[in-house]
1. Order of 78-84, 94-100 by packing, highest average Cβ count within 10 Å first?
2. Need the full-extension length gain, ALA143 to THR111, defined as separation in residues times 0.36 nm minus the C-alpha distance. One decimal, nm.
3. Between ASN37 and GLN169, what is the label-point separation in nm under the 7 Å Cα-to-beta-carbon projection?
4. Kindly state, to the nearest 0.05, the FRET efficiency for ASP100 paired with THR162, given R0 = 30 Å and r defined as their beta-carbon distance.
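Only the coordinates and a few stated rules stand behind these numbers; no lab work does. The structure presented is a predicted model; accordingly, all values stated were derived computationally and were not measured. Every residue, glycine among them, receives a Cβ derived from its backbone with ideal geometry; neighbour counts consider all protein chains shown.
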Amino acid sequence: MTSSKTLIAASKIFASLSLTGTKLTSTYHFDDIPILNPTGPTSPVGVYRTLNFPGFTVGTSLPASLIGLVPQSGTHAAVFNLETELLTLSPVSAITVQNDGSTTKSFALGTFFYGIRVATQESLVGLPASGSIVAKGYNAAGALVAQQYFPYKFTADKQGLTEGKSGPQFTNLYNVTFSLEAKLSVAVVGVLDSVSLYTSTS
């Protein structure tokens, strides 16, 4: 049974969202984006629903016989590193409102699931790697208003993603960039899935 305290807290959250003209979008799972090449991260995410994902490509789930990261839900996840940025002709990996015809003015970053793995040809295949995903949020004026590190701990049998909870400063954003700080000297890839975003048209 849901407690009265939980209901009151939820009502306050939705009241706040309503007052600011913000609505909760459905969680971004990336499962409905076609995979052009199942053996490599060559399908750009691009404009997806109401937001743009420059620098990101789509990775698909892997055979059980291979070591890698498993998407949080479905069969697809978004992946990023220098290779995907070069592929998509983007200087950064980001989530942004900047796309033609969009009515979205700003957004807030909610929870998401993430992981880091050693880079290989296959988009989700490779040993998990310890390190951090660094998220930086910018407003419409281009000012940095939020920054947070999301550590990922390597274990020999780990194939799942870790839940990340962004801080309250990740609101009223124009874009959020993602970068990697790994403890390995070899190339690594960041993986995101089940990303919850709040968008505003005002």
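1. On the way: 78-84: 23.6, 94-100: 18.3.
Ranking, from highest mean packing down: 78-84, 94-100.
2. Numbers: separation 32, 0.36 × 32 = 11.52 nm, distance 2.24 nm.
Length gained between ALA143 and THR111: 9.3 nm.
3. That separation, rounded to one decimal, is 3.8 nm.
4. Working: r = 34 Å, r/R0 = 1.14.
Efficiency, from the Cβ-Cβ distance: 0.30.
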